[in-house]
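Values in this text are rule-based calculations from the coordinates and carry no lab data. All values derive from a computational prediction rather than experimental measurement. Note that each Cβ is placed from the backbone with ideal geometry, even for glycine, and that neighbours are counted across all protein chains shown.
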Amino acid sequence: MASKNIYKEELDFAVLALQSPAFNRFLKSNGQLDFSNPEAVQQLTKSLLERDFGLKLELPNDRLCPPVPNRFNYILWIQDLLNTTSYGYTDEYNPERDVVGLDIGTGASCIYPLLGCSQRPDWKFAATDIDEKNLTFARSNIIQNSLKSRIRPFQTKPNDPLIPLDAIGLESIDFCMCNPPFYSSTADLLSSAAAKSRPSHSACTGADIEMVTPGGEIAFVSRMIDESKVLGDRCQWYTSMLGKYSSIEVIIEKLGAAGVHNWAVKDLVQGNKTRRWTVGWSWGSIRPSQAVARGTSTLPKHLLPFPSESTFIVNNSTLDSCAHALNDTLRSLDLKFQYRPALATGLGFANGNVWSRAARRKQAQKSSTSTANLEHEHESNDEVNDNKPALGFKVHLRSGDTGSIEVIIRWIQGKNSVLYESFCAMLKRQLTKS
């Protein structure tokens, strides 16, 4: 289930002005905001954070002022990634899970850790930045929001690792997030601004150190990919925002070249305003839901991760008879499967292609052994490794129209898409055969 986006609709400035006298001072008589005025843009951010999250913020005039809806959407996506890739396999928020995140380049606002902690009482953050002024304001914002025990800021140097787990004393983290500098040089920044057909929607107060890095965002995220190959599953989800559409294909190709088989992409857009994208990757085998992994309408299919849901219809059937056929089919195989009638959902794990003809023959041979051996094999079947199985899956049954049942197979774990496809094809054949 996707987390709630309170900024799904356009912001109502008139309502915000009634709720925030400080913001009301900047609202024009026609109900519009002058986005070319840096003070007005700053106050919009401050007023939204205070009204919607109970957060207080102070910002310098010469550093980036983050747009709240965009940043909040990124946090929601991280929540959904974690919810749909936990070992509970529920796709729901687990308030008992202690989560540690890393914000790379936290900025003066420290907005991602502030938003994350305001939404999830069990989240903690490490926050890094190479700019001393940014960290001074970040520390102040952490303290004035009483989050010193949950957010730890660290100053790093330009050539330090971007994900410095050892340096900051963390063995592992659940995720890292980043809004990297877009531009490769000051000239690149200026030429990009000049090439726009109309002026930027909002005043930008960012310093070069926040907006420019050698090689731009592609080089920055490429560094993250390289570091992730070494760190592996010490971080469950490596993520970053991307500001240029042209960067997405390059980064996804780099992930493929690095051997990543588990990734996710997301559009971040508020109304008709500037669009951004997020990309995340994991070296683990637990896979996010399809809605989370393929949360974009702007990217071509070849850039999207393999679909993690497959659906087919069983005609002339009831929920009970389809569930019975499902149980009979899967319990005849050398895998672990448990069906919960109240939820019309089953959870299963397999160590390989146990539905192939060769595997079924082998299983049949085992079935002809003595009763003692049968009991032994049953015990062995229950010991299928569901921490790192070759395939983990959920099967959900839903009543459809005219006596039909919709079967939804969700890929929840594994790295082999061919194995998952084969399983789906087998189950469809078995449940739809006359």
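Amide H neighbours of Ile151 under 5 Å, counting only residues 5+ apart in sequence or on other chains, H built in-plane at 1.01 Å?
Phe125
Can you give the % of DSSP beta bridges in the chain that are antiparallel, to the nearest 5? Before the final figure, lay out each step's value.
Numbers: 39 of 60 bridges.
Percentage antiparallel, nearest 5: 65.
Pop the C-beta distance of Phe312 and Ser172 into the FRET formula with R0 = 30 Å and round what comes out to the nearest 0.05.
Details: r = 39 Å, r/R0 = 1.29.
The value I calculate is 0.20.
Output the relative contact order of the chain, whole-number percent, from Cα pairs under 8 angstrom with separation of 6+ residues.
12 percent
Pull up all non-local amide H partners of Ile130: gap of 5 or more, or a different chain, and H-to-H distance under 5 Å with H placed in the peptide plane.
Thr156
Tell me, what ³J(HN,Hα) does each residue in the range 310-323 have, in order and in whole Hz, if you take phi through Karplus 6.51 cos²θ - 1.76 cosθ + 1.60 with θ = phi - 60° and put x for Gly and Pro?
9, 10, 8, 10, 9, 7, 6, 9, 10, 4, 5, 5, 5, 4
Can you find, among Asn315, Leu82, Leu299, the residue farthest towards the positive end of the dipole of the chain? Put +1 on the C-beta of Lys and Arg, -1 on that of Asp and Glu.
Result: Asn315.
Charges at C-beta only: +1 for Lys and Arg, -1 for Asp and Glu. How large is the resulting dipole of the chain about its Cα centre, in Debye rounded to 20? Don't skip to the answer; put the middle values down first.
Values: 48 positive and 46 negative charges, 150 e Å.
Dipole about the Cα centre, nearest 20: 720 debye.
Please arrange Lys254, Lys46, Lys229 by counting, for each residue, the other beta carbons lying within 10 Å of its beta carbon, fewest first.
Lys229, Lys254, Lys46
Would you mind calculating the gained length between Glu9 and Ile130 on full extension (0.36 nm times residue separation, minus the Cα-Cα distance), in nm to one decimal? Could you put the intermediate results ahead of the total?
On the way: separation 121, 0.36 × 121 = 43.56 nm, distance 3.53 nm.
Full extension from Glu9 to Ile130 adds 40.0 nm.
Starting from the Cα coordinates of the range 1-158, work out the convex hull volume and express it per residue in Å³.
With only Cα atoms used, the range 1-158 gives 118 Å³ per residue.
On a 0 to 90° scale, report how tilted helix 417-432 is relative to the longest principal axis of the chain, with both axes built from alpha carbons and the result rounded to the nearest 10.
In the chain, helix 417-432 runs at an angle near 50 degrees to the longest axis.
If packing is taken as the average number of other Cβ atoms within 10 Å across a peptide's residues, how do 50-59, 129-138, 15-24 rank, most packed first? Before the final figure, lay out the partial values.
Details: 50-59: 16.9, 129-138: 18.9, 15-24: 14.7.
Taking the mean over residues of other Cβ atoms within 10 Å, the ranking is 129-138, 50-59, 15-24.
Go ahead and estimate [θ] at 222 nm for the chain from helices alone: -39,500 (n - 2.57) per DSSP H run with n ≥ 4, summed, over the residue count, rounded to 500. Could the numbers behind the result be given before it?
Numbers: 15 runs with 165 residues, N = 434.
One gets -11500 deg cm²/dmol as the mean residue ellipticity at 222 nm.
Ranked highest first by the average count of other Cβ atoms within 10 Å around their residues, in what order do 236-243, 348-355 fall?
236-243, 348-355
Based on Cα positions only, what radius of gyration and what Dmax would you give for the chain, in angstroms?
Just the Cα atoms of the chain yield Rg and Dmax of 25.1, 87 Å.
Hey, if you put +1 on the Cβ of every Lys and Arg and -1 on every Asp and Glu Cβ in the chain, which of Pro214, Gln42, Ile408 ends up farthest toward the positive end of that dipole?
The Cα lying farthest towards the positive end belongs to Ile408.
Given the options Ala390, Met241, Gln365, identify the residue whose Cα lies farthest towards the positive end of the charge dipole of the chain (+1 on Cβ of Lys, Arg; -1 on Cβ of Asp, Glu).
In the chain, that residue is Gln365.
Can you tell me, using C-alpha contacts under 8 Å and at least 6 residues apart, the relative contact order of the range 85-158 as a whole percent? Before the final figure, lay out each step's value.
On the way: 107 pairs, mean separation 23.4, N = 74.
Normalised by residue count, the contact order of the range 85-158 is 32 percent.
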